[in-house]
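Below: the structure, in structure tokens.
The values are calculated or read from the model by the stated rules, or taken from the named source; none is laboratory data. Fair warning: this is a prediction, and the values are worked out from it, not measured in the lab. Cβ: placed from backbone, ideal geometry, glycine included. Neighbour counts: every protein chain shown. Surface accessibility is based on the protein's heavy atoms, side chains included, excluding ligands, DNA and RNA. Shrake-Rupley method; radii C 1.70, N 1.55, O 1.52, S 1.80 Å.
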Amino acid sequence: MEAVFTRWPKAIVQFEDFQMKWAFETLERYRKKFCMFNDDIQGTAGVALAGLLGTVRAQGRPLSDFVKQKIVVVGAGSAGLGVLSTAVQAAARITGNDETAAKKQFFLLDKDGLVTKERKNLDPAAAPFAKHPGEIEGLREGATLTEVVRKIKPHVLLGLSGVGGIFNEEVGSLLPAFPLSCNFVSLKIFIVLLKAVLKAMRESESTKPAIFAMSNPTMNAECTAAEAFKHAGDNIVFASGSPFENVDLGNGKIGYVNQANNMYLFPGIGLGTLYSGARFISDSMLQAAAE
């Protein structure tokens with residue numbers, strides 16, 4: 001970094017595809033010394049926050065209602081934790097409260113389910129977003145995604161897991177119990193349990209719930225647009241990190257697909273930083289871009 005800025009003192013450096021154990025550490029190490037940002041953490045977070053705020057607008061509610069949205073985030077990697085951090089900061093800024101109060105509306109899941117303070121070997125980066133035992137009646141450490149969605153009835157389901165079809169978790173957990181030769185039985189179970197998580201979103205407390213399947217490429221998307229509209233209902237806001245065609249819902253209705261990919265943000269961050277002559281890229285700059 002020192003060599004780069006010695007040679008090009010007005011450069012803007014973008015970090016990309018760092019492993020999570022290095023992503024946060026290097027961002028914190030350099031962000032107050034050099035003009036730089038991590039696109040996986042901050043770019044993804046900015047795009048996700050833009051979508052979250054846009055969802056509130058789509059519901060016909062003022063942005064101040066963002067703090068009342070219950071949001072389930074699936075994926076505790078650098079992107080998922082970056083989104084959580086940015087969204088919590090935005091909620092705290094809107095209310096004027098500290099971040100502790102804002103975190104109550106957010107729920108984090110990883111490959112082992114709901115993340116709580118009871119988690120053994122809890123990742124330090126995820127610890128600030130882990131729920132306290134007993135904070136959510138009826139949910140335990142490691143509760144499944146379906147259990148969380150059914151209990152919480154979230155306004156937003158946001159996937160940054162990198163696991164294709166994870167919103168279909170009950171199918172994935174049951175099918176291996178059947179031999180591959182038992183295709184008919186497996187297919188029937190697949191049909192009956194298809195998209196259990198998406199179907200649970202029909203019980204959302206929101207009249208216009210949002211489903212963000214932000215992982216890419218397409219094979220890693222948590223669900224497709226067609227699956228989301230089919231199983232969660234016509235009246236959803238859908239966004240994805242991969243391109244999907246709009247969905248024909250019949251009777252002249254269209255299910256519109258919004259692409260939530262950080263490619264829509266990071267060029268603007270660089271250009272805006274360059275034009276403004278900013279020496280550092282702050283969280284408030286990213287929040288302003290999202291708004």
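Please report, as a whole percent, how much of the solvent-accessible surface of the chain comes from carbon and sulfur atoms (probe radius 1.4 Å). Mind dumping the intermediate values first?
Working: 8080 of 14500 Å².
With neighbouring chains kept in place, the figure for the chain is 56 percent.
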- Query: Once label points are set 7 Å from the Cα along Cα→Cβ at both GLU203 and LYS253, what is their separation, rounded to one decimal in nm?
  - Reply: 2.2 nm
- Message: For a quick check of your reading of the filter: which trypsin sites (Lys or Arg not before Pro) in region 15-72 sit in a DSSP loop and have no more than 15 other Cβ atoms within 10 Å?
- Response: LYS32, LYS33
- Message: Quick query: amide H of PHE15 versus all other amide H atoms, modeled in the peptide plane; which residues come in under 5 Å with a sequence gap of 5 or more or a different chain?
- Response: PHE37, ASN38, ASP39
- Query: Modelled label-to-label distance, ASN97 and ASN246, 7 Å Cα→beta-carbon offset: nm?
  - Reply: 3.9 nm
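What does the highest-first list of 139-151, 249-261 look like by mean Cβ count within 10 Å? Before the final figure, lay out the partial values.
On the way: 139-151: 19.2, 249-261: 14.1.
Put in order of decreasing packing, that is 139-151, 249-261.
Kindly state, to the nearest 0.05, the FRET efficiency for GLU118 paired with ALA58, given R0 = 25 Å and r defined as their beta-carbon distance. Intermediate values should be presented prior to the final figure.
Numbers: r = 36 Å, r/R0 = 1.45.
After rounding, the FRET efficiency stands at 0.10.
Per the Kirkwood definition applied to all pairs of different Cα atoms, how many angstroms is the hydrodynamic radius of the chain?
Numbers: mean 1/r = 0.0502 Å⁻¹.
That comes to 19.9 Å for the chain.
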- On average, how much accessible surface per residue is there in the chain, in Å², for a 1.4 Å probe, leaving out ligands, DNA and RNA? 50 Å²
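Counting helices only, and only those DSSP H runs with n ≥ 4, report the 222 nm mean residue ellipticity of the chain as the sum of -39,500 (n - 2.57) divided by its residues, in deg cm²/dmol to the nearest 500. Walk me through the numbers on the way to the answer.
Values: 12 runs with 111 residues, N = 291.
The helix contribution divided over the chain gives -11000 deg cm²/dmol.
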